[in-house]
């Protein structure tokens, strides 16, 4: 069974440009999460989808970030326009159930470098 | 708000030596606790989890962790490390009901021959 897949693995863009990150969750997982790790800091929650609906987007830094989940399958995270402080590793995770037995499975991450 | 502290940024141990990585959490209720590992070029892999019950939890790759409520700790241990254990280790706490994981800053483990 395929795990959580993220594309691209690495993206280098200039300040002001737009970047779109993609996440394909494990098949059958209704829950999809985005997290971000800025260099040297902790991994921080960005948002949570249940199927195609945003359950919690309290961690989204500002309105330059837009997350979507088409048909409850894959998700995209768009940054427009990108700023230097957006650099970091963006992780996606998925899980099958919510609540007490929620185990989140993570992808390898997308390393975003904004120059 | 919940928080996780991993006081050791970088640890170096000899192959075959024992290992203990520290994790302290702050949370008002019974936490759900996790250890994840990230090897170079890989995703975050779940090592073990604590939801309830026995406070000594066994995980994959020979790791174990012990939940100590009185100390608000969930330290990760391994009796004998292998060179393949070199990676970055993350402790996390989950809040039942809101689905977020709160992570520590991670501990990078280096293994020397």
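So for region A:55-70 (the condition being part of a helix (DSSP H, G or I), away from chain B (no Cβ under 11 Å) and modelled with pLDDT under 95), does at least one residue qualify? Looking through region A:55-70, at least one residue is part of a helix (DSSP H, G or I), away from chain B (no Cβ under 11 Å) and modelled with pLDDT under 95.
With respect to residue A:1, is the statement that it is modelled with pLDDT under 95 and closer than 19 Å to residue A:107 by Cβ true? Spell out the reasoning first.
Working: modelled with pLDDT under 95: yes; closer than 19 Å to residue A:107 by Cβ: yes.
Spelling it out, residue A:1 is indeed modelled with pLDDT under 95 and closer than 19 Å to residue A:107 by Cβ.
Here residue A:33 passes the criteria (1) more than 11 Å from every other protein chain (Cβ to nearest Cβ); (2) buried (at least 19 other Cβ atoms within 10 Å of the Cβ); (3) part of a strand (DSSP E or B) except the one numbered (1). If the condition is being within 8 Å of chain B (Cβ to nearest Cβ), in contact (Cβ under 8 Å) with a residue 40 or more places away in the chain and not in a strand (DSSP E or B), then region A:95-110 contributes A:98, A:102, A:104, A:107, A:108, A:109.
Collect the residues in region A:15-27 that are surrounded by fewer than 17 Cβ atoms within 10 Å (Cβ to Cβ) and within 14 Å of chain B (Cβ to nearest Cβ), keeping them in residue-number order. Listed by number, the list is empty, since nothing qualifies. Looking only at residues of region A:36-47 that are more than 7 Å from chain B (Cβ to nearest Cβ) and over 9 Å from the mean Cα position of the chain (by Cα), we find that the one that is surrounded by the fewest Cβ atoms within 10 Å (Cβ to Cβ) is A:39. Scan region B:51-78 residue by residue and report those that are free of Cβ contacts under 8 Å to residues at least 40 places away in the same chain, surrounded by 16 or more Cβ atoms within 10 Å (Cβ to Cβ) and under 16 Å from residue B:26 (Cβ atoms). B:67 - this is the single residue of region B:51-78 that is free of Cβ contacts under 8 Å to residues at least 40 places away in the same chain, surrounded by 16 or more Cβ atoms within 10 Å (Cβ to Cβ) and under 16 Å from residue B:26 (Cβ atoms).
Looking at B:33, B:19, B:48, B:101, which is the one that is in contact (Cβ under 8 Å) with a residue 60 or more places away in the chain and touching a helix residue (DSSP H, G or I) at 6+ places or on another chain (Cβ under 9 Å)? Answer to the check: B:19.
For (1) within 28 Å of residue B:51 (Cα to Cα); (2) surrounded by fewer than 20 Cβ atoms within 10 Å (Cβ to Cβ); (3) over 15 Å from the mean Cα position of the chain (by Cα); (4) at pLDDT 95 or above, each residue gets a yes or a no:
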position	(1), (2), (3), (4)
A:74	no, yes, no, yes
A:79	no, no, no, yes
A:86	no, no, no, yes
A:90	yes, no, no, yes
A:98	yes, yes, yes, no
A:104	yes, no, no, no
A:115	no, yes, yes, yes
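Restricted to strands (runs of 3 or more DSSP E) entirely inside region B:1-103, those with at least 1 residues that are within 12 Å of chain A (Cβ to nearest Cβ) are B:3-5, B:10-14, B:32-38, B:44-50, B:87-94, B:101-103. Scan region A:75-94 and tell me whether some residue there is more than 14 Å from chain B (Cβ to nearest Cβ), in a helix (DSSP H, G or I) and in contact with a strand residue (DSSP E or B) (Cβ under 7 Å, 6 or more places away or on another chain). Within region A:75-94 (the criterion being more than 14 Å from chain B (Cβ to nearest Cβ), in a helix (DSSP H, G or I) and in contact with a strand residue (DSSP E or B) (Cβ under 7 Å, 6 or more places away or on another chain)), the answer is yes, since at least one residue qualifies. Screening the candidates A:50, A:12 for the property of being under 14 Å from the mean Cα position of the chain (by Cα) and either closer than 29 Å to residue B:104 by Cβ or more than 11 Å from chain B (Cβ to nearest Cβ) (or both) yields one hit, A:50. Residue pairs whose Cβ atoms lie under 9 Å apart, separated by 6 or more positions or on different chains, with the first residue in region B:79-96 and farther than 23 Å from residue B:15 by Cβ and the second surrounded by fewer than 16 Cβ atoms within 10 Å (Cβ to Cβ) and at pLDDT below 95, are B:93/B:3; B:93/B:26; B:95/B:29; B:96/A:99; B:96/A:100; B:96/B:29; B:96/B:30.
The values are calculated or read from the model by the stated rules, or taken from the named source; none is laboratory data. All values derive from a computational prediction rather than experimental measurement. Because the Cβ atoms are built from the backbone with ideal geometry, glycine has one as well, and the counts that use them run over all protein chains shown.
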